[in-house]
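Okay, structure first, notes after.
The values are calculated or read from the model by the stated rules, or taken from the named source; none is laboratory data. Note that the structure is predicted; figures quoted are calculated from it, not measured. Positions of Cβ are backbone-derived with ideal geometry, glycine not excepted, and every protein chain shown enters the neighbour counts.
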Amino acid sequence: MDADESDESLLVRLRSGDESAFLALVTRYHASMVRVARGFVPNEAVAEEVVQDTWVGVVRGVDRFEGRSSFKTWLFRILVNRARTAGVREHRHDTFDPTEPAVRPDRFDASGAWAEPIAPWESDADDRLVAATWGPSLRTALYGLPQRQRDVVVLRDVEGLSSEDVCAVLGISEGNQRVLLHRGRSRLRSVLESELATRGR
Amino acid sequence: MMPALRRRDELVCRQVVELVNDYLEDALSRRDRRRFERHLRGCPNCSAYLEQMRVTVAATGRLSPEDLTPDAEEEFTRLFRAWTVGDGGGGSGSTG
């Protein structure tokens, strides 16, 4: 029923204590938040706790939201701050090699050109069809990404935040964000590629 | 520069795949963008690769979070009531 109502309008109602507005926001963002939180904490249960704690923060702090960023960015920033506090993640470092190539070096010949032709994917395939076919492998691949890459890809490509908002939420530089996004997407592409090759046989 | 050295300006496929996302993000310098597009015009493989990356991004965007279960909805209604009734202020949200 509230599917089309804007976040801003729901916030106005939430400020006046409207329960249905709160539920509408929870319905809209809860699963996304759990997915994002999951990247920072050791397990699903802790992620759920962090998200619940974030909602408490939202209900109590809603009057302090000034609308300088979108609600979604504000929400995810609270979430990431709490998840970082709850997680052990800060002390762990991804092994992140900035020179790791997007495509395996043996796919190129000595001149740097493709050694074998690249088969075009059916680019006219309906997005929904693509998602239905590849969704499961893509989801697995996404969860298998190094965490910082996954954070960026999830916020950017799954949640649809702008690059500026991703930087604000994660507290990283624009350049860093781009490198992480590039690595993450490149890995996902190669997963889909091998998936296609397997199915084509 | 001597005209003979102009070839150095041309990108090879191995370099192009590293620029694909900056291209999609519109983050290439004008010069790099021109070199990138020049390469694509002559290279069906890299054009296919770029298209694959576009499809990858689109497919990732279609991953939908699971819907909230009725149980969870009930739980959140209960929590909301508890939070608003027992609210002594003092949460620790940030401003935005």
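For A:PHE40, the conditions (1) at pLDDT 90 or above; (2) within 18 Å of the chain's Cα centre (by Cα); (3) not basic (Lys, Arg) all hold with the exception of (1). Looking at the structure I just gave you, is A:ALA110 at pLDDT 90 or above, out of contact with any helix residue (DSSP H, G or I) (no Cβ under 9 Å at 6 or more places or on another chain) and either in a loop (DSSP other than H, G, I, E, B) or facing chain B (nearest Cβ under 9 Å) (or both)? Considered against the rule, which asks whether it is at pLDDT 90 or above, out of contact with any helix residue (DSSP H, G or I) (no Cβ under 9 Å at 6 or more places or on another chain) and either in a loop (DSSP other than H, G, I, E, B) or facing chain B (nearest Cβ under 9 Å) (or both), A:ALA110 comes out as yes.
Regarding region A:149-160, can at least one residue be identified that is surrounded by fewer than 18 Cβ atoms within 10 Å (Cβ to Cβ) and part of a helix (DSSP H, G or I)? Show your work before the answer.
Keep residues of region A:149-160 that are surrounded by fewer than 18 Cβ atoms within 10 Å (Cβ to Cβ), which gives A:160.
Narrowing further to those that are part of a helix (DSSP H, G or I): none.
No - not one qualifying residue is present in region A:149-160.
Note on region B:22-35: among residues that are within 19 Å of the chain's Cα centre (by Cα) and at negative phi, the one that is surrounded by the fewest Cβ atoms within 10 Å (Cβ to Cβ) is B:SER29.
What about A:GLU19, is it within 14 Å of chain B (Cβ to nearest Cβ) and in contact with a Ser or Thr (Cβ under 8 Å, 6 or more places away or on another chain)?
Numbers: within 14 Å of chain B (Cβ to nearest Cβ): yes; in contact with a Ser or Thr (Cβ under 8 Å, 6 or more places away or on another chain): yes.
Taking the combined requirement at face value, the residue satisfies it.
No other residue among A:THR54, A:THR73, A:THR27 is closer than 17 Å to B:TRP83 by Cα and either polar (S, T, N, Q) or more than 10 Å from chain B (Cβ to nearest Cβ) (or both) apart from A:THR54.
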